[in-house]
Amino acid sequence: MNYKSISVGTFLAVRQIRRANIWTNTLIIFVMTLTFLNLVVVGGILVGLIEASVKSNRTHYSSDLLLSNLLEKTYIEGSTKIIKFAEGLPEVSAVTARYVESGRLEAGYKERTRQGDILDNATGLVTGIDPAKENEVTELASKVVEGEYLDSGDEDQILIGGNLLFKYSPIDSPGLRNLKQAGLGSRVRLVVNGNTKEVTIKGIIKSKVGELDQRIFMVDRVLRGMIGRTDYNVDEIAIKLKDPAYVNQVQQILTDEGFARVAKIRTWNEAQPKFLVDIKDAFALLGDIIGSVGLVVASITIFIVIFVNAITRRKYIGILKGVGIDSFAIEVAYIIQSLFYAVAGTLIGILILYFVLVPFIDAHPINFPFSDGILVATVSGTLWRAFALLVATIIAGYIPAKIVSRQNTLDAILGR
Amino acid sequence: MHIISAKKIVKTFHNGVTDQTVLRGVSLDVALGEFVIIIGRSGAGKSTLLYQLGLLDHPTSGSLRIGEVDTENLSSNARTEFRLTELGYIFQDYALVPELTASENIIVPLLMSGFSKKESLILAKDALKKVGIEDKWNNLPSQLSGGEQQRVSVARAIAGKPKIIFADEPTANLDSESSALVVNLFRTLHEEGQTIVMVTHEEEYTQYADRVVTLRDGEIVDIKSK
């Protein structure tokens, strides 16, 4: 290994690339581009399915920080003090408080004729909200797919999550009950804490966020009356920050203030449903496995390309050796060619990734049942995969070049 | 003074079942500045002998000295280095690299020898001028006639000023006009003091050699000196 060999290898590689058939070069670079995209996109979409779900959960449910009652408490004690304190923090943009109680909806109760018939009913979490504040924090109104969002003056009107309606979640299972006879504008009976109230479905929420689609929303004042909560203590407080980067700092401020004694103070990340975290890990692993297979495929592709190239040029490799060009220079020539194909394919792949695929999938998310899938391609992840591809390419280019360049010089020249 | 001293060179090929001995104890000395032509019928072992003398192949037995170097114990890399710096080759089918222009085919071994790019360009230009095709500087082999390709091959062989030039049937694929041009080149080089060992089956060129060695069935059967 010396400078002369590298210099001559580079000289040969540049000319071999420049004077190779343009269609051959184009085809090899195209294959490398697809290989790179396979490496990044498949894993990126798998992670993106969950990432979109996490993002929705954060945007429309937990916001940046979520305070909820401790396990042994039915509500957050001193809620008004916490809300007031949070609203006074300069980092905070908006705060919403929620009363949450289990409840049951019943539909078609007026048509029930026989005693033994099962009532059309569904259970969910009844959530009392200040409609304006909730919308400011979680943009809940944007998730109303049918009907209208709540007004603060609504007395007997509710929003209902799509999972509680058969029309939006057509699952017919004894364990998963939803309302078959209800829809927008239906009068239904709401039972909370033994209190019953007839309400009208004003709007339907479909968000692909489990926490929302399984809930029944009504104005906080009305729910408070139904459950007899006179102390204004709530069950959840969601806090939206002006700059989400300060999430840990604000969490610490609230903890230092002693609020952790009365509430679980979780960041959006900590508030993710456990199943999402598990799926995210599993999908990341799956993405890595698929990516590794892609890397092996890429290596084999380069190996075949270089091997075929070297074999068909075996005679000329023999001639070069015959006139005194050492094997290492010839190997360098092939490694540089491999690198050229890999770098060109990767660069084109990166351009396609960030200027075509990511914007396109962001604008047209992939419709999955539990999320609107996006393509996650972090710069660090992409660079890491590009680096892995280049290393694999160097190895895959070097091996066939070595095999061919080490053959007997005279045999190569004479084609024996 | 002998620049090549080959003693009892034997070359046997093994095809897995049988052995075929192509050279049977050939001994040959070549003096510095001598023009030696090896002739013989097809299959006589001419090219095989040239490959042994030119370090492109290993003899099965025998010894070979080139200049002061006993080549028997040279490693593969050392043989490659030796070919680069001390020997020049001209092959029957020109053996030019198709992706390289005429000048680049000449420059590559020069760069490998350690010449700078600028020096290599000057040497390549001189060599092409010497063989009379400096105007073909930027032509790819596919853009040259057979005679022109062989002249590029000669230019590549002489550019690095090697001690010995080996030519394996350099006129075999050429028309008579091109053949005459190439042989005249060898005559000129020889007149300038270049040592040349050439294999041919065309007897009309033997008149230019200092010595003509005739091979038959792997053995030297005749040596004629001028």
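Any read-out appearing in this document is the output of simple, stated calculations on the displayed coordinates, not a laboratory observation. Only a predicted model underlies this, so the values are computations on that prediction, with no experimental measurement involved. Note that each Cβ is placed from the backbone with ideal geometry, even for glycine, and that neighbours are counted across all protein chains shown.
Search the structure for amide H atoms under 5 Å from the amide H of B:F35, placed 1.01 Å from N in the peptide plane, and list their residues when 5 or more places away or on another chain.
Under 5 Å from the amide H of B:F35: B:I196, B:D210, B:R211.
Assigning unit charges at the beta carbon (Lys, Arg +1; Asp, Glu -1) and nothing else, what dipole magnitude in debye, to the nearest 20, does the protein assembly as shown show about its Cα centre?
580 debye
In percent, what relative contact order does chain B have, based on Cα pairs under 8 Å that are 6 or more apart in sequence?
Computed over chain B, the figure is 29 percent.
Per DSSP H run of n ≥ 4, the term is -39500 (n - 2.57); total these for chain A, divide by its residue number, and report the mean residue ellipticity at 222 nm rounded to 500 deg cm²/dmol.
Calculated from helices alone, the mean residue ellipticity at 222 nm is -16500 deg cm²/dmol.
Given points 7 Å out from each Cα along the Cα-Cβ axis, report the A:I17 to A:F275 separation in nanometres with one decimal.
5.0 nm
Report, ordered by chain and residue number, the lysines lying within cross-link reach of A:K143, taken as a straight Cα distance under 20 Å and ignoring same-chain residues fewer than 8 apart.
Once the sequence-local lysines are set aside, what remains near A:K143 is A:K55, A:K133, A:K167, A:K202, A:K206, A:K208, A:K240.
Can you pull the mean other chain C-beta count within 10 Å for peptide A:407-413?
For peptide A:407-413, the averaged partner shielding equals 4.
All other residues with a Cβ under 13 Å from the Cβ of A:V42 taken together, and with Lys, Arg as +1 and Asp, Glu as -1, what is their net charge?
Its environment carries a net charge of 0.
To the nearest 10 degrees, how steeply does helix B:176-191 sit against the main Cα axis of chain B, on a 0 to 90 scale?
On a 0 to 90 degree scale, this one is about 80.
Relative to the Cα centre, what is the charge dipole magnitude of the range A:227-339, using +1 at the beta carbon of each Lys and Arg, -1 at the beta carbon of each Asp and Glu, and rounding to the nearest 20 debye?
620 debye
Among A:P131, A:S62, A:I336, whose Cα sits farthest toward the positive end of the charge dipole of chain A (+1 at Cβ of Lys/Arg, -1 at Cβ of Asp/Glu, about the Cα centre)?
Projecting each Cα onto the dipole axis, the largest value belongs to A:I336.
In 10 Å bins starting at 0, how do the alpha-carbon pair distances of the protein assembly as shown split up by percent?
The percentages, shortest bin first, are 3, 13, 16, 13, 9, 8, 7, 7, 8, 8, 5, 2, 0, 0.
Can you give the percent of C-alpha pairs in the range B:2-225 whose distance is more than 23 Å?
Cα-Cα pairs of the range B:2-225 separated by over 23 Å account for 46 percent.
Arrange the peptides A:76-88, A:394-406 so that the one whose residues have, on average, the most other Cβ atoms within 10 Å appears first.
Ranked by mean Cβ neighbours within 10 Å, highest first: A:394-406, A:76-88.
Where the only charges are on Cβ atoms (+1 Lys, Arg; -1 Asp, Glu), what is the dipole of the range B:2-225 about its Cα centre, to the nearest 20 debye? Write out the running numbers ahead of the final one.
Numbers: 23 positive and 30 negative charges, 78 e Å.
Approximately 380 debye in magnitude.
When only Cα pairs under 8 Å and 6 or more residues apart are kept, what is the percent relative contact order across chain A?
Working: 741 pairs, mean separation 122.2, N = 416.
That works out to 29 percent.
At a 10 Å Cβ-Cβ cut-off, how would you order B:W137, A:W268, A:W23, A:W384, fewest neighbours first?
Numbers: B:W137 16, A:W268 22, A:W23 8, A:W384 13.
The most exposed by this proxy come first: A:W23, A:W384, B:W137, A:W268.
Quick one: net charge of A:L190's neighbours, Cβ under 10 Å, K/R +1, D/E -1?
Details: positive: A:R104, A:R189, A:K197; negative: A:E106, A:D156, A:E198.
Result for the neighbourhood of A:L190: 0.
Once you keep just the Cα pairs under 8 angstrom separated by 6 or more residues, what percentage relative contact order results for the range A:318-416?
Normalised by residue count, the contact order of the range A:318-416 is 53 percent.
Using the alpha-carbon centroid of each, what span in Å lies between the range A:362-378 and the range A:267-284?
16 Å
Report P(r) for the range A:64-267: all Cα-Cα distances, bin width 5 Å, range 0 to the bin holding the largest distance, values in whole percent.
For the range A:64-267, the binned pair fractions read 1, 8, 15, 19, 18, 15, 11, 7, 4, 2, 1, 0 percent.
At 222 nm, what helix-only mean residue ellipticity would chain B give, in deg cm²/dmol to the nearest 500, using -39500 (n - 2.57) for each DSSP H run of four or more?
-10500 deg cm²/dmol
Over the Cα atoms of the range B:156-226, compute the convex hull volume and normalise it per residue, giving Å³. Working shown, then result.
Working: hull volume 7.5 nm³, N = 71.
Taking the convex hull of the Cα positions in the range B:156-226, it is 105 Å³ per residue.
Answer with one residue from A:L105, B:G54, B:V154: the one whose Cα lies farthest towards the positive end of the charge dipole of the protein assembly as shown, charges on Cβ with Lys, Arg +1 and Asp, Glu -1.
Sorting the options by dipole projection puts first B:G54.
Peptide B:47-60: average number of partner chain Cβ atoms within 10 Å per residue?
Rounded to a whole number, the mean comes out at 2.
Can you find, among B:Q207, B:I4, B:P98, the residue sitting farthest towards the positive end of the charge dipole of the range B:2-225, where Lys and Arg contribute +1 and Asp and Glu -1 at Cβ?
So the residue furthest toward the plus end is B:I4.
Using the Karplus equation 6.51 cos²θ - 1.76 cosθ + 1.60 (θ = phi - 60°), what ³J(HN,Hα) coupling, rounded to whole Hz, does each residue of the range B:124-132 give in order, writing x for Gly and Pro?
After applying 6.51 cos²θ - 1.76 cosθ + 1.60, I find 5, 5, 4, 5, 5, 5, 4, 8, x Hz.
Residues with beta-carbon under 10 Å from that of A:D243, excluding A:D243: net charge, scoring Lys, Arg +1 and Asp, Glu -1?
Taking every Cβ under 10 Å from that of A:D243, the sum is -1.
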